[in-house]
Amino acid sequence: MKRTLACFLSLLLLSTLFCVPAQAVGEKLIAITYDDGPGAHTARLLDGLKERGAHATFFMVGQSAARYPDLVIRVYQEGHQVANHSYNHSQLTSLSAQGVRNQIQSTNAVLDQACGAGSTYMVRAPYGSTNASVRQAVGAPLAFWSVDTLDWKTRNATSVKNAVVNGAKDGGIILVHDIHSTTVDGTLAAIDVLKDQGYQFVTIQELFRRRGVPLENGVQYTSCPPNGMDLGPVQVPSVTVEPAGDKLRLTLSAQEGAAIYYSTDGAPLNQASARYTEPLLVTPPCTLRAVAAFNMNGSRSEVVAQEFTMPITQAPTASLQEGQVALDCQTPGASISYTLAGAQSSDGTQSYTAPMDLTPGTTVTAWASANGCLDSAQVQYTYSQLKNLFSDVHPQQWFYSSMDRAAAAGYLQGGQNCAFQPNEGITRAQLVTILYRATAELPDGNGAPLPFPDVPASAYYSGPVIWAWEAGLVQGYADGGFHPDQPVSRQELALIFYRYLLHSDVLLSKGDVSGFQDAGAIPSWAVQAVGELSASGLLQGDAQGNFSPATTASRAQAVQLLLRCVDYITVEHLPMPQELRR
């Protein structure tokens, strides 16, 4: 089935292994930085960088960024680092601290339109002019340089190329300006030469991350020489795909420490994109885009993109037909495959053709396939020892035998597609209904109206509610309602079952709640019920000895307690003498 699924996935960018060791010492890293743009020549520069697989850092002037918003977006989307070079190329040392902040914050606001709110930006002061006041006011790391090419002065491509090549050192930061055509030509030529010498062109953010050097606000950096560490490039996230009903479950993984940002509508990614925390459920057709990042602005992986265009075959359903297990699929033309395990095992995968005679205790695992569709999710059905059919109750679960017995006795009924919802919280209506079925008593039927306005006469639980009220098992709330859909807590469960046993005229053992670690959390109105039920062996705490009184009781827990009480009443104890009844 997984091979079939994989055939239909259109993978636009293959991911590589994400758990990688640090790179061998000796990788030569260098950061080339472009100031004063974006401008008329930036697009051609980006074409050349993309062709060469080189990344750069762009220190943008806010006014220019506002003039060329599409170029800012392109710089960011192509994996370069977007950085701040003031709003109008002012001499920051001539400004007040507030004036410096205005220059930086105004530019950040422009850059956020491409990079997303919450992005962080390095700063390069125009003319490299800083002092202690400026460094404090910018509120970000500052970048200086180790190589000044003087490209603005020479305006000669060959001179620019030679300045870059001759000044290049491992860990260096090179200063150029993308507002000059000659700089574009000269730097691209220099990149060709230096790549042949083994240099990798990375952003400043990535240079310092790979060498394990944190960048601090207010500190000015000129280079990051080799220090014996190279953490390697950021690896693209891996994507695991599994069918889940009529959806796909996408699980994303990245190397340790990296966050994953994603979209499922094909939208470009930035700092404001959704951040992955748990598997995603998506409905085809859709397009997943995901990126792993230590910093979305300058230290992130390439984007992995997958298109899911085909519908998913509906998962098989099961039913009992005259004691046989029948499988069906609502997708036209679908075929069903299955395996058997447990009391009756199959030798590999089989094709379903007709209802099956199964040995009680057998679990069927089934999935469906159809032309032009992805395979369905695998579903499991257990044909139990007592000949019930369950889709969510299986032999390895602690409540299996209790749920099987309760269903066979008619105390508990399943819902759609054989689902009994054992882990769901039990409601007040459901609880009184299973007690009513187990007792097999009828309400007095004296013609009195229903005692609760929120219990319709047509509801499946109306008879059980009347019976439970007449028997003294339940009471209404201050607003006069029964609240049939309200979940039942463990302390409420204990009290209702305690009243049920008193109604059944059985004698309980005396006891208290001192054996529970959280006895102090049990309210006074439930203390006697919890104490006597536990002393009688009907209630237990968890592995840590807690009763957890306010926790919602599950359907499986309620069924387990019901069966213990039924056995207590019918097998272990005689009716309570009249004089001892309370």
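The values are calculated or read from the model by the stated rules, or taken from the named source; none is laboratory data. Quick caveat, the model's predicted, so the values are computed rather than measured. In this analysis, Cβ positions are derived from the backbone assuming ideal geometry, glycine residues included, and neighbour counts consider all displayed protein chains. Remember, those area values only see protein heavy atoms, side chains included, never the ligands or the DNA or RNA. Shrake-Rupley method; radii C 1.70, N 1.55, O 1.52, S 1.80 Å.
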* Asked: How much solvent-accessible surface does Glu302 expose, in Å² to the nearest 10, with a 1.4 Å probe and all protein chains in place?
  -> 100
* To do: Obtain the nm distance between the two label points defined at Lys50 and Ala343 by a simple spin-label model: each point lies 7 Å from its Cα along the Cα-to-C-beta direction.
  => 6.4
* Structure fact -> the chain: spread of alpha-carbon positions along the three principal axes, whole Å, largest first, is 110, 61, 46
* Excluding residues fewer than 8 places away in the same chain, name every one of the lysines whose C-alpha is closer than 19 Å to that of Lys195. => Lys28, Lys50, Lys161, Lys169
* Per-residue ellipticity at 222 nm for the chain, helices alone: DSSP H runs ≥ 4 residues times -39500 (n - 2.57), over residue total, nearest 500 deg cm²/dmol? -> -8500 deg cm²/dmol
* Take each of the peptides 88-99, 171-182, average the number of other beta-carbon atoms within 10 Å over its residues, and list them starting from the highest. => 171-182, 88-99
* Across the Cα atoms of segment 463-582, what radius of gyration and what greatest pairwise Cα-Cα distance (Dmax) are found, in Å? -> 14.4, 40
* Charged-residue dipole, Cβ positions (Lys, Arg, Asp, Glu), segment 305-410 about Cα centre, Debye nearest 20 -> 220
* Tell me the Kirkwood hydrodynamic radius of segment 322-470 in angstroms, computed as one over the mean inverse distance between distinct C-alpha pairs. => 17.9
* Distance in nm between label sites at Glu424 and Ala274, each 7 Å beyond Cα in the beta-carbon direction? -> 2.5
* Asked: For segment 446-496, which chymotrypsin sites (Phe, Trp or Tyr not before Pro) are in a loop by DSSP, counting at most 15 other Cβ atoms within 10 Å?
  -> Tyr460, Tyr477
* Asked: Once the piece of chain linking Arg437 and Asn417 is laid out straight, how much longer is it, given 0.36 nm per residue of separation minus the C-alpha distance between them?
  -> 5.0 nm
* Roughly how many nanometres apart are two label points built 7 Å out from the Cα toward the Cβ at Ala117 and Gln63? -> 2.8
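Calculated FRET efficiency, Ser458 and Trp398, Cβ-Cβ r, R0 30 Å, to nearest 0.05?
With R0 = 30 Å, the Cβ-Cβ based efficiency is 0.25.
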* Asked: Taking all protein chains as present, what is the carbon and sulfur share of the accessible area of the chain, in % to the nearest whole number, probe 1.4 Å?
  -> 49
* Asked: Residue-wise, which Karplus ³J(HN,Hα) couplings in Hz belong to segment 548-565, taking 6.51 cos²θ - 1.76 cosθ + 1.60, θ = phi - 60°, and x for glycine or proline?
  -> 6, x, 8, 6, 5, 7, 7, 4, 5, 5, 5, 5, 4, 5, 4, 5, 4, 5
* Based on the Cα coordinates of segment 251-368, what is the per residue volume of their convex hull in Å³? -> 155
* Structure fact -> Scoring only Lys, Arg, Asp and Glu (+1, +1, -1, -1) among other residues with Cβ under 15 Å from the Cβ of Gly79 yields +2
* **Rounded accessible area per residue of the chain, 1.4 Å, Å²** => 45
* To do: Between the alpha-carbon centers of segment 364-418 and segment 473-514, tell me the distance in whole angstrom.
  => 31
* **Relative contact order for the chain, counting Cα pairs under 8 Å that sit 6 or more residues apart, in percent** => 11
* Asked: Straight-line reach from Lys387: which aspartates and glutamates have Cα under 14 Å away, leaving out those fewer than 8 places along the same chain?
  -> Glu322, Asp357, Asp404
* So, by mean Cβ neighbours within 10 angstrom, what's the order for 238-245, 29-36 with the highest one leading? -> 29-36, 238-245
* How many angstrom lie between the C-alpha centres of segment 143-168 and segment 38-53? -> 17
* Structure fact -> Most packed first (mean Cβ within 10 Å per residue), the peptides 378-388, 220-230 order as 378-388, 220-230
* Structure fact -> Diffusion coefficient in µm²/s returned for segment 284-326 by Stokes-Einstein, Kirkwood Rh over C-alpha pairs, 25 °C and 0.890 mPa s, is 170
* Structure fact -> Taking a label point 7 Å from the Cα of Gln98 along Cα-to-Cβ, the residues of segment 123-139 whose backbone nitrogen sits under 19 Å from it are 133-139
* To do: Return a whole-number percent for the relative contact order of segment 331-393, with Cα pairs under 8 Å and 6 or more residues apart as the contact set.
  => 30
